[in-house]
Each structure stands twice: as C-alpha cells, then as structure tokens.
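A quick write-up on the structure given underneath.
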Amino acid sequence: MGYETVLVERKGHVGIIALNRPEKLNTFNIPMGRDLNAALDEMEQDRDIYAVIIRGNGRVFSAGIDITDFPKKNIMEYRNWISLMEKMTLTIAQMRKPVITAVHGVAVANGAGLVAAADLAIATEGARFGLTAIDVGLFCMGPAVPMDRCVGKKHCLELLLTGDLIDAHKAERIGLVNRVVPEEKLMEAAMALADKLASKSPLALQMGKESYYTMADMPLEKALLYSNEMFSELCTLKDAEEGIRAFLEKRPPKWRLE
C-alpha cells in the first residue's frame, strides 16, 4: 500500500515505519495522522510481521503537530482534527504486536506522545523530549494521556506545565525511553531489540501484550482473574508445548503459530 507521508519497509519479521515529512520536521498533519494509523494497521494484519519500529526521517523524530493546520476551524472540525492526531495512542495499545520508537533529534508535543504511547523506545544520546504546547498558549492534553501512564503524575505535570525539554538520559531515568545509544547506533539497537522480540513465540508475545493492556485498566481482582484466564488459554497452545520441550531438550524452539 502506498502512503503520502510515511515510508514502510520490512526486514525479516520486523516492520519499519518512517515518518516522512522531513522538510516539516515530521510534524503531524491530517495525511500523516491517517497514514501512520493505516501503516500500523497494515503491520498488525501482516502475519509475517512480529514487531514494528517507528522512526523519523530527516533531522528529528517529530516536532509535534503542524501548527499551519491550526487556524480557522469550528469546534467540530477541531474535534475531528485532534482525534485523528491522537488516534495512534489507541491504535498502538490495541495492536497485539509490540511497537518500538527509535528517536533522534527532538520528539516534542505529539511526537513525545507517540514515544510515550509506544510499547518500547530507544533514543540517541542527543535526543530531547518535551510537551511544549504550553509555550504557544495551548496544552498537550492528548499526549498527556500516554505520558501520564508512562512516567507518572509528577514527571508528566512538570513536562506539561513548564514546556521544558529534557535530554535522553533524563527521559531514560523517568521511564519514557528504555535505553540511550550513540546516534550512529540507533537503528542497529532498534533492530536488535525488534529481532529479539521477533525471535519469541509470536502468539505468546501478542497474547501477552493484549493481556497487559487489558488488565492495566482493571481493578486488582478482575485483573488477576482475566490474566489467569489468558495464561490458561496460552498454556493450551502448541507454541507453549514446543517452547517447554525445546528448553528441556536444550535446542532453539520452532514456533508453530498455533
């Protein structure tokens, strides 16, 4: 499928989506909002893709929403516009396949929200992050949703209220990214992580992610009941049987996808 504002490629069992508006610092407009969600859905439906990487082409990962799209809308138009910009948060959470962001340059506003929404994130040493809408009289309300779930109340509110940028090492300390690497190692590190995930049982990986996101919003007792039911189902699958047998026989498993 062809896209206007993202590029899609596959390496083995890893799908790679590149935000591709480098002349606009990969800011989100309506086409990119649509393209990113469609590309994620394409990866979700592809049975040969086990993990997904999102990266940015050009100098930065993403500088947020394209403010040239902002003026002269009525409230319904703003609702539809913003809903499309933020849909990626729900799309990633509802995908069964893990999504990794590979971040360089800056990831601010909606770009930072995308990093927070991803399941895992790797950043370069020079990367910077921020929720900067407050600096132009707005507020990063949409990005606040995944950010709060990612880094917690105090860190999230500091980013929201100040608009300050933080460096990659602080982003790692507060849990926004998993690891920091030299710039020239970014895609190598992202691919290594994606390949590691892709080497696991795809069914276990996908059921596990689905279980995590579902139980996260449940009360404790219901979360345990639900997770136990999902684990019971997983135990009946041939991949579980093969994984245990391979472990006992000291050999690599051969996943059957059933």
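List of remarks:
- Cross-link partners for Lys24 among the lysines, with Cα-Cα distance under 25 Å and sequence neighbours closer than 8 places in the same chain left out: Lys72, Lys73, Lys87, Lys185.
- Under 12 Å from a label point set 7 Å out along the Cα-to-Cβ vector of Glu9, the amide N atoms of segment 147-190 belong to 187-188.
- Extension gain, Glu77 to Tyr213: 0.36 nm times the residue separation minus the Cα-Cα distance gives 45.9 nm.
- Put a dot 7 Å past the Cα of His169, heading toward its Cβ, do the same for Glu125, and the two dots end up 1.0 nm apart.
- Cα centroid separation, segment 207-224 to segment 5-42 (Å): 29 Å
- A crude spin-label estimate for the pair Lys87 and Glu221, with each label 7 Å from Cα along the Cβ direction, gives 3.9 nm.
- Gain in span if fully extended, Glu183 to Gln45, counting 0.36 nm per residue against the direct Cα distance: 46.5 nm
- Between Ala112, Ala133, Ala51, the Gaussian network model of the chain with springs among Cα atoms under 10 angstrom shows the greatest mean-square fluctuation at Ala133.
- Within a Gaussian network of the chain (alpha carbon springs, distance under 10 Å), most fluctuating of Leu220, Leu157, Leu176: Leu220
- Part-to-part distance (alpha-carbon centres) for segment 110-171 and segment 48-71, which is given in Å: 14 Å
- Added length on full extension, which subtracts the Cα-Cα distance from 0.36 nm per residue, Lys153 to Glu233: 25.3 nm
- Cross-link partners of Lys250 among aspartates and glutamates (Cα-Cα below 18 Å; sequence separation of 8 or more within a chain): Asp239, Glu241, Glu242
- MRE, 222 nm, helices only [DSSP H, n ≥ 4, -39500 (n - 2.57), over the chain, to nearest 500]: -15000 deg cm²/dmol
- Among Asn29, Asn74, Asn20, residue whose mean-square fluctuation peaks in a GNM of the chain (springs only between Cα atoms under 10 Å): Asn74
No value in this document is a laboratory result; all are computed from the given coordinates. The structure displayed is predicted, hence computed values, not measured ones. For neighbour counting, all protein chains shown are included, and Cβ atoms are generated from backbone atoms with ideal geometry for every residue, glycine included.
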